[in-house]
Amino acid sequence: MKVTVSGATGRVGRHLVAALKERGDEVIALSRDPDKASEQLGVPAYAWDLKHEAVPKEALAGRDAVVHLAGEDVGQRWSTEAKAEILESREKGTRNMVHSIFETKPRPKAFICASASGYYGARGGEPVDELEPPGSDWLADVVARWERQAETAKVGIRMVIVRTGIVLDAEGGALARMLPFFKAGVGGPIGSGKQYMPWIHLDDLVGIYLAAIDHDRFNGAINACAPEPVTNKRFAKALGAALHRPAVAPVPGFTIKLLYGEMSQIVLKGVRMVPGRAAELGYEFRHPDLDEALASTLG
């Protein structure tokens, strides 16, 4: 397979590129620093500033799939400037990608775009699958606008949107930020602890992207999360057990709000997102159990 990956040096991108290389696929990376990306990943790389320019046509022409992962990190304090960057990098960056695809001959066969569980907003304890509409908060609006840009690619080529939950990765993201506290024995549930956390092992997220690249039956929105989302309290207990540390000291919601401002809603307000289409599409999770998934991630 011939695959082009934007955001290839990010957490998910690095692992996806490694998996593609391992099975013998031909990979091209898109990066603001192509020399560094090529050296780090061991693949050809082209320069792309996602907000300000088109993708080089030679990086897209005749590819079996283009995987678009690039975008500003949501996991930061949402200042006015940060919110503008988060929105613009996703909306304008995806628009530039799709326009470049349309202008390329021959066009790629598939466009696979990252998305997020934030699409659904805060939904409480009711299971939420891909048929549910978007939420109404700021992040849900950002993700919905991001997806609308991606959906314009479905005219003429196969298009997949991967709505991702909390990725279990000890080297980055939400889990990496939790680890120092839990290792010190001062971790615990956040806020009420009743909010749901749709989680997924990094191996399974990469697996879903590989399946989306390989199989024509993958199309439209797909929830990338393990079959059994858990509450924050259950997650904290499992993480403490995996580290052989107590995990009973609750972290007050106001403390999280002081630390992270508006961004705190991601951890204080949950969504019980479930992978409604995964079984339908034939994807089998390698790590469906949280305790085993944490053991694997931290092993």
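Taken together, the values in this text are just the output of simple stated rules run on the coordinates, not laboratory data. A quick note: this is a predicted structure, and the numbers were derived from the prediction, not measured. Cβ: placed from backbone, ideal geometry, glycine included. Neighbour counts: every protein chain shown.
The table that follows gives values for the structure above.
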| quantity | calculated |
| --- | --- |
| Residue 197 long-range amide H proximity, modeled H, under 5 Å | 230, 231, 232 |
| Amide H partners (placed H, <5 Å) of residue 224, local residues excluded | 163, 164, 165 |
| Per-pair calculated FRET efficiency, R0 = 30 Å: residue 26 and residue 183 via Cβ, rounded to 0.05 | 0.15 |
| Global size of the range 147-289 as Cα Rg and Dmax, reported in angstrom | 17.0, 54 |
| Point-charge dipole on Cβ atoms (K/R +1, D/E -1) for the chain, about Cα centre, debye to 20 | 400 |
| Tensor-based shape of the range 7-105 (alpha-carbon gyration tensor, a/c under 1.5 rounded, otherwise prolate or oblate) | oblate |
| C-alpha long axis of helix 202-214 to longest principal axis of the chain, angle in ° | 30 |
| Two-site label geometry, residue 296 and residue 249: point separation in nm, points 7 Å out along Cα→Cβ | 3.2 |
| Table column - 3J(HN,Hα) (Hz), the range 278-283, Karplus curve with 6.51, -1.76, 1.60, x for Gly and Pro | 4, 5, 4, 8, x, 7 |
| Alpha-carbon centroid distance for the pair the range 277-293 / the range 68-84, whole angstrom | 29 |
| Exposure proxy order (Cβ contacts within 10 Å, fewest to most) of 231, 4, 255 | 255, 231, 4 |
| Choice from 109, 183, 83 showing the highest fluctuation, given a GNM over the chain with Cα pairs closer than 10 Å | 183 |
| Derived scalar couplings ³J(HN,Hα) [the range 53-70; Karplus, 6.51 cos²θ - 1.76 cosθ + 1.60; whole Hz; x for Gly, Pro] | 8, 6, 6, x, 4, 5, 8, 10, 4, x, 6, 6, 7, 10, 10, 9, 10, 5 |
| Ranked 68, 52, 287, criterion: other C-beta atoms within 10 Å, fewest first | 52, 287, 68 |
| 245, 123 arranged by Cβ crowding within 10 Å, fewest neighbours leading | 245, 123 |
| Candidate aspartates and glutamates - alpha carbon under 20 Å from residue 183, same-chain residues fewer than 8 apart omitted | 169, 171, 291, 292 |
| Helical contribution to [θ] at 222 nm, DSSP H n ≥ 4, -39,500 (n - 2.57), averaged over the chain, rounded to 500 | -12000 deg cm²/dmol |
| Extension gain (nm, one decimal) between residue 281 and residue 148, 0.36 nm per residue minus Cα-Cα | 45.6 nm |
| Difference of contour (0.36 nm per residue) and Cα-Cα distance, residue 36 to residue 215 | 61.3 nm |
| Of all DSSP beta bridges in the chain, antiparallel share, percent nearest 5 | 5 |
| Relative contact order %, the chain, counting alpha carbon pairs below 8 Å whose residues are six or more apart | 18 |
| For the range 15-45 and the range 178-253, distance of Cα centres in Å | 27 |
| Length gained when the stretch residue 64-residue 84 is fully extended (0.36 nm per residue, less Cα-Cα span) | 3.9 nm |
| For residue 159, residues with placed amide H under 5 Å, excluding near neighbours | 111, 220 |
